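A quick write-up on the structure given underneath.
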Number of protein chains: 2
Amino acid sequence: MGTTQLESVPEPKYWHLKTVLNDALDSEFEVGEILPNERDLAARFGVARATLRQALEQLELEGRLQRRRGVGTTVAPPRMGVSVGPAAHAWPGAGRDAWETAGCVEAVPAAAIAALLGTGADEAVHTIRRARVMRGQPVAAELLYVPRSSVPGLSADLTPAAHAPAVLRELHALPLEGEDRAVELGSARAEDAKQLDRLPGAPVLVVTSRYYSAGRVAAVSVATYRADTCKLTFGDAGAFEVTHHQEDRAQAS
Amino acid sequence: MGTTQLESVPEPKYWHLKTVLNDALDSEFEVGEILPNERDLAARFGVARATLRQALEQLELEGRLQRRRGVGTTVAPPRMGVSVGPAAHAWPGAGRDAWETAGCVEAVPAAAIAALLGTGADEAVHTIRRARVMRGQPVAAELLYVPRSSVPGLSADLTPAAHAPAVLRELHALPLEGEDRAVELGSARAEDAKQLDRLPGAPVLVVTSRYYSAGRVAAVSVATYRADTCKLTFGDAGAFEVTHHQEDRAQAS
DNA sequence: TAGTGGTCTAGACCACGAA
DNA sequence: TCGTGGTCTAGACCACTAG
């Protein structure tokens with residue numbers, strides 16, 4: 001036939017639904033506004049609830065929606081730009097960063113962490129758990145590993161409350177020579193999820209950083225950022241001022 | 001009662017299933033090996049196929065599995081470390097990077113891109129579509145936006161084949177003063193998905209870069225990386241040599 | 001207690017890839 | 001043609017939040 005193909009690859013329902021909802025969010029809803037519940041929405045669009053949920057899941061992954069059990073689905077604000085350095089080479093937690101220390105223990109890290117640190121397989125290191133907070137929301141859960149050899153001046157007996165601050169103080173006194181970073185997609189484990197106020201399995205951006213001093217790795221940080229609410233920024237120039245909504249429209253066009 | 005709670009928060013089946021499968025992948029399967037099909041696996045674990053798929057989806061998101069329609073589910077190799085600069089300040093595509101130009105047009109970009117570039121809302125810019133290939137696999141689809149004012153020396157009439165190389169040549173001749181970067185989670189649109197050999201909606205890491213020259217934004221790049229197969233690396237030090245499997249075990253411990 | 005999202009089931013059909 | 005993963009349905013029950 002001489003006619004053009006109408007739809008050689010028929011679009012899945014949930015994909016079309018996602019587009020429709022995305023447009024509706026731009027034109028008919030305000031940030032923070034609550035959507036109709038899933039059963040009503042599914043009925044309104046004439047699909048099964050599971051199909052609707054497939055569309056909602058994608059929109060949540062893209063940071064357009066926020067869903068909370070027992071509450072409802074709300075329109076998410078634009079993603080927060082979160083600087084993850086290297087902003088004028090600095091030790092983690094130095095400066096006026098909103099990091100909150102949640103605890104500190106000395107423990108043998110996982111094999112992969114020990115490999116990054118260059119420590120022995122059975123060597124205990126200072127392990128500091130921290131939370132990063134922006135605009136009153138937790139955005140990241142971090143585990144900071146500091147070998148004992150990096151902070152030799154540490155006094156032997158410390159109260160739990162004094163432990164983390166003392167390690168950080170010693171660490172910040174070292175000359176920082178360089179840093180390394182890697183970013184990959186992961187899913188939140190139970191402990192991190194709790195700290196991030198999300199369910200286990202929520203998508204996160206895992207940032208693994210190595211800090212160098214005296215030609216060695218002086219510390220390693222594994223920080224898991226909420227992928228739905230955060231946009232990680234790198235580099236020395238100013239933060240991107242474009243809003244998330246504009247970027248979405250850019251992608252859609 | 002004086003007994004401790006057994007499970008105040010009962011673990012979802014798919015979550016437990018994911019753990020079991022993850023361990024099995026480490027101990028009983030080789031990279032590239034094909035798993036039993038979903039119907040058999042579901043029956044073996046005594047769950048519905050949808051529940052099994054929920055576990056498989058998470059494992060695929062974490063880069064442990066690769067699923068292809070009509071073929072089957074295979075054990076994925078460790079994620080590739082992909083450098084996304086700033087590696088000795090360089091224009092995109094300079095050096096021996098495995099970028100393949102797919103096309104080039106002059107078009108008015110989306111409003112968000114125009115805002116990043118600082119161009120007028122109706123101003124056409126050179127738009128180059130490229131693919132980044134590593135180890136024979138496509139890892140990223142990129143759109144590179146170059147305003148006409150950044151490459152004033154460009155001859156007016158160019159054949160389509162000569163267009164992109166000419167723009168890149170002019171761009172690389174400029175002095176690069178700095179760069180900006182942001183990383184966020186997104187889902188692949190149809191065009192990018194095709195280029196990445198994935199289905200639309202596949203999770204991607206969107207890297208937005210601004211390149212500065214003469215105090216202005218000389219080019220903007222929006223690159224979407226396959227989130228399942230890529231680990232983005234930043235910084236000047238050598239690449240992380242830890243394998244993905246080790247990292248997974250580190251997370252799990 | 002009522003209403004929300006989260007989990008789970010047992011089916012069905014479709015699109016794709018390989019033989 | 002056959003087996004695979006991808007989509008979709010119409011239910012059900014559970015966990016959580018708020019009033």
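The values are calculated or read from the model by the stated rules, or taken from the named source; none is laboratory data. Not measured: the values here are computed from a predicted model. With ideal geometry, Cβ positions are generated from the backbone for all residues, glycine too; neighbour counts draw on all protein chains shown. Calculation scope for accessible area: heavy atoms of the full protein, side chains included, ligands and nucleic acids excluded. Shrake-Rupley method; radii C 1.70, N 1.55, O 1.52, S 1.80 Å.
Residues B:Arg64, B:Arg39, B:Arg44: which one is near DNA strand D (Cβ under 9 Å from one of its atoms) and among the charged types (D, E, K, R)? Spell out the reasoning first.
Values: B:Arg64 fails: near DNA strand D (Cβ under 9 Å from one of its atoms); B:Arg44 fails: near DNA strand D (Cβ under 9 Å from one of its atoms).
That would be B:Arg39, the only listed residue that is near DNA strand D (Cβ under 9 Å from one of its atoms) and among the charged types (D, E, K, R).
Looking only at segment B:223-253, count how many residues are modelled with pLDDT of 90 or more and either open to solvent by 30 Å² or more (accessible area, probe 1.4 Å) or among the charged types (D, E, K, R) (or both).
Residues of segment B:223-253 that are modelled with pLDDT of 90 or more, as a first pass: B:223-233.
Now restrict to residues that are either open to solvent by 30 Å² or more (accessible area, probe 1.4 Å) or among the charged types (D, E, K, R) (or both): B:226, B:228, B:231.
Of the residues in that region, 3 qualify.
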* To do: For residues that are away from chain B (no Cβ under 11 Å), open to solvent by 20 Å² or more (accessible area, probe 1.4 Å) and within 13 Å of the chain's Cα centre (by Cα), scanning just segment A:192-219, find the one that is nearest to A:Ile113 (Cα to Cα).
  => A:Gln195
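Out of the residues in segment A:107-135 meeting the condition of being over 19 Å from A:Arg210 (Cα atoms) and open to solvent by 70 Å² or more (accessible area, probe 1.4 Å), tell me which one is modelled with the lowest pLDDT. It would help to see each step written out before you state the result.
So in segment A:107-135, the residues over 19 Å from A:Arg210 (Cα atoms) come out as A:122, A:133-135.
Still in the running and open to solvent by 70 Å² or more (accessible area, probe 1.4 Å): A:122, A:135.
Details: A:Asp122: 89, A:Arg135: 83.
Among those residues, the one meeting the criterion is A:Arg135.
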* Asked: Does at least one position in segment A:169-191 carry a residue that is surrounded by 18 or more Cβ atoms within 10 Å (Cβ to Cβ), in contact (Cβ under 8 Å) with a residue 24 or more places away in the chain and more than 14 Å from every other protein chain (Cβ to nearest Cβ)?
  -> yes
* **Any hit, segment A:160-167, residues being of a type outside the set (Gly, Ala, Ser) and buried (at least 21 other Cβ atoms within 10 Å of the Cβ)** => yes
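Can you find, within segment A:34-63, the residue that is nearest to DNA strand C (Cβ to nearest atom) among those that are polar (S, T, N, Q) and away from every other protein chain (no Cβ under 11 Å)? Walk me through it before giving the result.
To start, the set of residues in segment A:34-63 that are polar (S, T, N, Q) comprises A:37, A:51, A:54, A:58.
Filter once more, keeping what is away from every other protein chain (no Cβ under 11 Å): A:37, A:51.
Numbers: A:Asn37: 3, A:Thr51: 11 Å.
So the residue we want is A:Asn37.
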* Structure fact -> Those residues of segment B:67-79 which are open to solvent by less than 50 Å² (accessible area, probe 1.4 Å) and within 9 Å of DNA strand D (Cβ to nearest atom) amount to B:Arg67, B:Gly72, B:Thr73, B:Thr74
